[in-house]
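Nothing in this text is a laboratory measurement; each read-out follows from the coordinates by a stated rule. Predicted model only: the values in this text are computed from it and were never measured. Quick reminder, even Gly has a Cβ in these numbers, built from the backbone with ideal geometry, and neighbours come from all protein chains shown.
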Amino acid sequence: MLGVIADDFTGASDIASFLVENGLSCVQMNGVPKAPLADKVDAVVISLKSRSNPVNEAIEQSLNAFNWLKANGCSQYYFKYCSTFDSTEKGNIGPVTDALLDALNDDFTVITPALPVNGRTIFNGYLFVGDILLSESGMRNHPITPMKDANLMRLMDAQSKGKTGLVAYSDVIQGAARVKERFVELKAQGYRYAVVDAVDNAQLAVLAEAVADLKLVTGGSGLGAYMAARLSGGQKGVNAFIPAKGKTVVLSGSCSVMTNKQVNAYKAKAASIYLDVESALTNANYADELYREVVKYLDEPLAPMVYATVPPEQLHEIQAKFGGDKASHAIENTFAKLAQRLKNEAGVVNFITAGGETSSIVVQQLGFTGFHIGKQIAPGVPWLKALDENISLALKSGNFGKEDFFEYAQGMLL
Ligand SMILES: Nc1ncnc2c1ncn2[C@@H]1O[C@H](COP(=O)(O)OP(=O)(O)OP(=O)(O)O)[C@@H](O)[C@H]1O
Ligand SMILES: O=C(O)[C@@H](O)C(=O)CO
């Protein structure tokens, strides 16, 4: 069984959906489960909210997840982080990778954020978003983990205890045997991690074969998809469900370039309510006020949207005025309280959330133990159904989906 440790909830549903699409049975657990695994599955994805926590907390959460996966029969482990390598100079990708390698008594793994279907590619160890470097993309303005360098070796070296080498494109296209040779060479030269170039899916297919014997693999969901395809013998997922129509809300806390476009497109069509940071920071009843506003629109044809999403200039002003962390926490707490009332008192059954941190806090507050994985709305964004309740969610990563994502997701409901 493949055990995946994902550093946020949208990232978890991203990889889970690709595992299911590629023929594996899979459940997504919210945090480290308290009970043993109930169903026999090919893969378990544990969602953590560990991307932006202090390093020691991220390590502790990840090791707890690892221990649970090990106790429940996993034989290979995947550390899933963002396809845009969201992290700071302190971590958490490097320290968590190191802790997992140590727990496995191992000393080598790969670094593969590539997700070509969503425009994330790696060449000469540089990460691209579409046709520009990561550091020139909207990610340079990220509220929590601004990415100002695109060189994965440098990024990894700054936050980990070992050295990072490269398996270059010219080697990858020679096939899995050559990639494995490169692993041996890099290890002999004292490297602990290898960034592997992938400019399209063909390289991920090669790499999936080359990492088959590694105890720990790390990356985005792209490599996970090809590992699943290899494990399932090329089967395609069946029975991915689509949820039923019902009261729905859109909660958007991502400030990514794509989410800004999606929010603007949706504002023109549906009731939309701006979540104001100052009110979130100063007014203890703000979530209740938003709740009273949202419920007015729950029976409209398109779901109401509450959004904190702002363009980069406005985000910088807000952060300069209130402090980035304080603003983020106030917004996340407001979304969490609002989501809870919408579920418990207003009977909302479908939640569409945008942003990894935002989705994580909402899901944690709603308290589900885990999810079944449904049909993809966009690459990396599936519909999810709670294991223990009749509630469905779409947890959209910041930059995923097309401009009409919020409306399109609702259009799928049966
Ligand atoms: N108007 C705002 N002012 C300040 N901070 C904001 C504002 N709107 C959102 N934020 C904060 O920015 C952060 C956005 O992170 P989040 O992970 O939710 O989105 P994302 O990074 O775009 O998504 P992903 O991680 O899936 O790529 C959250 O902590 C959120 O609270
Ligand atoms: O890999 C990605 O880009 C996403 O799954 C993600 O992790 C966003 O939070």
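Worth a mention:
- GNM flexibility winner over the chain from H316, H372, H142 (Cα, springs under 10 Å): H316
- Relative contact order, whole percent, for the chain stands at 20, derived from Cα pairs under 8 Å and 6 or more residues apart.
- Total formal charge among the other residues, if their Cβ is under 15 angstrom from that of T88, Lys/Arg +1 and Asp/Glu -1: -4
- Rough spin-label spacing in nm, given labels placed 7 Å along Cα→Cβ, for D276 and D149: 4.1
- Of the trypsin sites (Lys or Arg not before Pro) found in segment 262-317, the ones in coil according to DSSP and having at most 11 other Cβ atoms within 10 Å of their Cβ are K296.
- Gain on full stretching of the segment that runs from D404 to T369 - 0.36 nm per residue minus C-alpha separation: 9.6 nm
- Selection from I391, V110, A58, by position along the positive dipole direction of the chain (Cβ): I391
- Candidates V45, V349, V27: whichever shows maximal mean-square fluctuation once the chain is modelled as a Gaussian network with Cα springs under 10 Å: V349
- Total formal charge among the other residues, if their Cβ is under 11 angstrom from that of I59, Lys/Arg +1 and Asp/Glu -1: -4
- Of all the options P116, P143, P54, the one that moves most in a Gaussian network model of the chain with Cα springs shorter than 10 angstrom is P54.
- Those residues of segment 18-42 whose amide nitrogen sits under 15 Å from the label point placed on A240, 7 Å along Cα→Cβ: 18-28
- Between K326 and K187, the distance separating the two model label sites (each 7 Å from Cα on the Cα→Cβ line) works out to 5.1 nm.
- Charge tally in the Cβ shell below 12 Å around D106, where Lys, Arg are +1 and Asp, Glu are -1, D106 excluded: -1
- Placing unit charges on the Cβ atoms only, positive for Lys and Arg and negative for Asp and Glu, gives segment 318-414 a dipole magnitude near 80 debye about its Cα centre.
- Given the chain, longest segment not containing exposed loop GluC sites (Glu not before Pro) (DSSP; at most 12 other Cβ within 10 Å): 90-344
- Of the trypsin sites (Lys or Arg not before Pro) found in segment 53-142, those that fall in a DSSP loop while having at most 15 other beta-carbon atoms within 10 Å are K90.
- Once the C-beta distance of A38 and A265 is scaled by a Förster radius of 41 Å, the resulting FRET efficiency is 0.55 to the nearest 0.05.
- For the chain, the dipole from Cβ point charges (+1 on Lys and Arg, -1 on Asp and Glu) about the Cα centre works out to 460 debye, to the nearest 20.
- Two-site FRET efficiency, Q314 against A168, from Cβ-Cβ distance with R₀ of 30 Å, rounded to 0.05: 0.15
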